[in-house]
Amino acid sequence: MITEIDVLLAQKGDKEAFSRLVKALELPMYRVARSIVRSDEDCADAIQETILKAYKSIAQLKKTHFFKTWFMRILINECNQFLRQRKRTIPVAVLPEEHAESAEYGKVDLWEAVNRLEVTLRLVVKLHYLEDMSVGVISELLDMPEGTVKSRLHRARLLLAEWLDSPNERKIGYETC
């Protein structure tokens, strides 16, 4: 659990407090990093760099109650930097066809479908539904208007409903957060 006391102690150089903060964010960090960089090895590298950068700059955090948002912002930036450095390319033969039809296609697990979304959609879905972040927090974290976050969530839900072939899902409107 993240406490403002631990954040304040970490800002004063308490390594144990910083460790508790990182431990509390272990699973959310992995989920977010995995949704961006996709491989466990790349996640580990991005998370390691994030922890190092956060440790070095925690004294600069002005509002302790925004620690998680601040930390996740560093992680997202680090993952994006990692992708830019790697200049990942995927051979065309490996890319899935968008409209592939098969008996197995309809049996896709929800999170497998979420992981197939493009990174911009996948990230907002995971932040909203897995990390329980509000649209406002995601907007601030990703430095984009709330309307953009809402439209990405909406577009992702439509794609997921189509992929999972669930007519009821298409009727879901935007839930206010």
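The values are calculated or read from the model by the stated rules, or taken from the named source; none is laboratory data. If you're wondering where the values come from, they're calculated on a predicted model, not measured in any experiment. Positions of Cβ are backbone-derived with ideal geometry, glycine not excepted, and every protein chain shown enters the neighbour counts.
Take the conditions under 21 Å from residue 130 (Cβ atoms), of a type outside the set (Val, Ile, Thr), modelled with pLDDT of 95 or more and not assigned by TED's automatic domain parsing to the domain that holds residue 125 and apply them to residue 54. Does it pass? Before you say what the answer is, go through the steps one by one.
Details: under 21 Å from residue 130 (Cβ atoms): yes; of a type outside the set (Val, Ile, Thr): yes; modelled with pLDDT of 95 or more: yes; not assigned by TED's automatic domain parsing to the domain that holds residue 125: yes.
For residue 54, the condition - under 21 Å from residue 130 (Cβ atoms), of a type outside the set (Val, Ile, Thr), modelled with pLDDT of 95 or more and not assigned by TED's automatic domain parsing to the domain that holds residue 125 - is met.
Working only within the range 109-152, note down all residues that are touching a Pro at 6+ places or on another chain (Cβ under 8 Å) and in contact (Cβ under 8 Å) with a residue 12 or more places away in the chain.
116, 130, 131
Just for the range 33-54: of the residues that are within 17 Å of residue 73 (Cβ to Cβ) and touching a residue at least 40 places away in the same chain (Cβ under 8 Å), which one is surrounded by the fewest Cβ atoms within 10 Å (Cβ to Cβ)?
For the range 33-54, the residue satisfying everything is 36.
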